[in-house]
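Worksheet: one structure, shown below.
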Protein chains: 4
Amino acid sequence: MADTIIGRKHWAIAEGYIPAWSHGPEPEMASHETACLLNTSNEDAQVELTIFFKDRDPAGPYRVTVPARRTLHLRFNNLTDPEPIPKGVDYACTIDSDIPIVVQHTRLDSRQAETALITTVAFPGD
Amino acid sequence: MADTIIGRKHWAIAEGYIPAWSHGPEPEMASHETACLLNTSNEDAQVELTIFFKDRDPAGPYRVTVPARRTLHLRFNNLTDPEPIPKGVDYACTIDSDIPIVVQHTRLDSRQAETALITTVAFPGD
Amino acid sequence: MADTIIGRKHWAIAEGYIPAWSHGPEPEMASHETACLLNTSNEDAQVELTIFFKDRDPAGPYRVTVPARRTLHLRFNNLTDPEPIPKGVDYACTIDSDIPIVVQHTRLDSRQAETALITTVAFPGD
Amino acid sequence: MADTIIGRKHWAIAEGYIPAWSHGPEPEMASHETACLLNTSNEDAQVELTIFFKDRDPAGPYRVTVPARRTLHLRFNNLTDPEPIPKGVDYACTIDSDIPIVVQHTRLDSRQAETALITTVAFPGD
């Protein structure tokens with residue numbers, strides 16, 4: 001049963017926000033936002049992310065590969081090409097893959113002394 | 001692939017509650033509840049929110065526009081027309097748009113010294 | 001657009017757990033688990049909850065009414081008929097309604113000095 | 001209505017991470033990650049989990065049974081056969097069952113003094 005391919009090609013995360021400051025030891029406790037990508041197939045997935053903002057045109061595409069039968073937990077903080085994502089700014093994103101993948105969104109917010117965590121499966125397109 | 005339109009026209013958030021007090025620097029750390037709206041299309045989205053309560057008739061519609069290829073992170077705390085949403089009261093809401101959008105719900109609760117955060121993609125109607 | 005009926009008749013929450021102790025002022029900060037039910041229709045919804053356990057037969061049905069165009073944030077802690085739900089025990093539940101509703105699950109855990117919150121839309125059946 | 005069978009046979013959790021340290025009394029407050037499995041049917045469910053990593057082949061299958069009309073809150077920390085899941089490492093998983101079940105994912109992170117909790121319904125395959 002482990003060979004089942006599961007997922008969708010198009011996903012969206014409407015809530016994006018990289019907190020502007022952190023507490024606690026790096027890198028585990030740095031405030032960050034992550035798109036967890038899972039590719040259960042036997043082919044590599046070519047993935048493009050587009051970042052949407054409140055008051056400017058979208059940025060991207062950001063391109064990543066998720067190898068066959070691997071997961072990639074991608075920190076938005078680390079995206080630099082074509083441009084970094086500013087901290088403390090509302091954003092959203094779409095994730096488009098050439099083969100089905102699964103996408104889950106997580107944020108660790110350590111702006112105060114204790115950690116706050118959120119997660120949700122991203123919205124799958126049809 | 002970035003031109004894909006993703007989303008639905010009708011959404012619901014069953015869990016609504018604006019905490020009645022806060023700790024920490026404003027505005028980042030004020031207790032608040034947000035509907036994150038993403039419009040990936042090339043047209044503006046005309047959106048109506050209706051607020052449901054436990055023991056009175058619904059309030060609204062509240063009208064907002066999400067411009068083409070933009071995201072709007074709407075704080076329920078800031079809604080005033082036709083009436084503000086009371087704090088410390090259970091509510092729920094529906095979000096209806098004339099074109100497909102994606103909706104995610106987030107709450108930051110700073111009633112105690114440390115932040116608590118929740119998020120989930122809203123429920124998409126058929 | 002506000003008259004749209006949204007939801008499903010059958011829902012499940014696989015993660016249930018009422019923390020066994022609390023910190024902070026009652027009732028807001030008591031550890032609790034909530035099923036947020038939203039009925040956007042013009043008819044009352046008759047709802048039945050069934051509670052599943054690890055090592056005993058299910059409990060229920062628990063019966064509640066969600067009035068037309070109202071939301072009910074139901075604390076599992078407050079269910080007593082046919083029997084209370086024990087604290088500190090793993091459970092799960094199904095929610096069955098005679099008309100479509102929307103269900104979201106939330107827990108406030110105040111076992112430690114600061115609040116932890118979780119939420120997710122429940123799983124909608126077909 | 002309580003006899004409704006609800007769920008899917010194939011599920012995925014893209015975000016997996018067992019925090020490498022903990023604060024607070026064991027076992028409730030140990031950092032852990034849980035797959036909550038609900039079987040509402042009258043037959044036992046035979047379930048296989050496969051764990052995906054960033055840079056090695058998947059592990060598994062891990063086999064568990066969810067008895068008829070029972071819930072099992074399975075801690076990933078406790079999986080040992082065929083191999084334990086390392087702490088502090090990004091992973092993801094698929095859950096495949098021979099009959100429909102419901103899957104919800106939860107993590108309790110007590111790396112700092114106060115608890116952080118996250119939950120989401122897993123992604124259901126078609």
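The values are calculated or read from the model by the stated rules, or taken from the named source; none is laboratory data. All values reported here derive from a predicted model rather than from experimental measurement. Positions of Cβ are generated from backbone atoms using ideal geometry, with glycine treated the same way; all protein chains shown enter the neighbour counts.
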*If you go through the stretch C:46-62, how many residues are touching an Asp or Glu at 6+ places or on another chain (Cβ under 8 Å), outside any loop (DSSP other than H, G, I, E, B) and at the interface with another protein chain (Cβ under 7 Å from one of its Cβ atoms)?*
5
*asked:* Exactly one of these conditions fails for residue D:40: (1) within 15 Å of the chain's Cα centre (by Cα); (2) surrounded by 15 or more Cβ atoms within 10 Å (Cβ to Cβ). Give me its number.
replied: (1)
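So that you can scan it fast, the table gives a plain yes or no per residue for (1) touching a helix residue (DSSP H, G or I) at 6+ places or on another chain (Cβ under 9 Å); (2) within 23 Å of residue D:68 (Cα to Cα):
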| site | (1), (2) |
| --- | --- |
| C:43 | no, no |
| C:55 | no, yes |
| C:78 | no, no |
| C:82 | no, yes |
| C:93 | yes, yes |
| C:101 | no, no |
| C:104 | no, no |
_For the stretch D:38-45, check the following and say yes or no: at least one residue is at pLDDT 95 or above, more than 9 Å from every other protein chain (Cβ to nearest Cβ) and in contact with a Pro (Cβ under 6 Å, 6 or more places away or on another chain)._
yes
*Yes or no: residue D:15 crowded, with 18+ Cβ neighbours inside 10 Å and either farther than 23 Å from residue D:81 by Cβ or at pLDDT below 75 (or both)?*
yes
*If you scan the stretch A:63-94, which residues turn out to be in contact with an Asp or Glu (Cβ under 7 Å, 6 or more places away or on another chain) and surrounded by fewer than 15 Cβ atoms within 10 Å (Cβ to Cβ)?*
A:63, A:65, A:67, A:68
*Output the residues belonging to the stretch C:102-123 that are at pLDDT 90 or above and more than 9 Å from chain D (Cβ to nearest Cβ).*
C:102, C:103, C:104
*asked:* Being closer than 21 Å to residue C:17 by Cα, within 14 Å of chain D (Cβ to nearest Cβ) and part of a strand (DSSP E or B) is the filter here; which residues of the stretch C:69-101 pass it?
replied: C:91, C:92, C:93, C:94, C:95, C:96
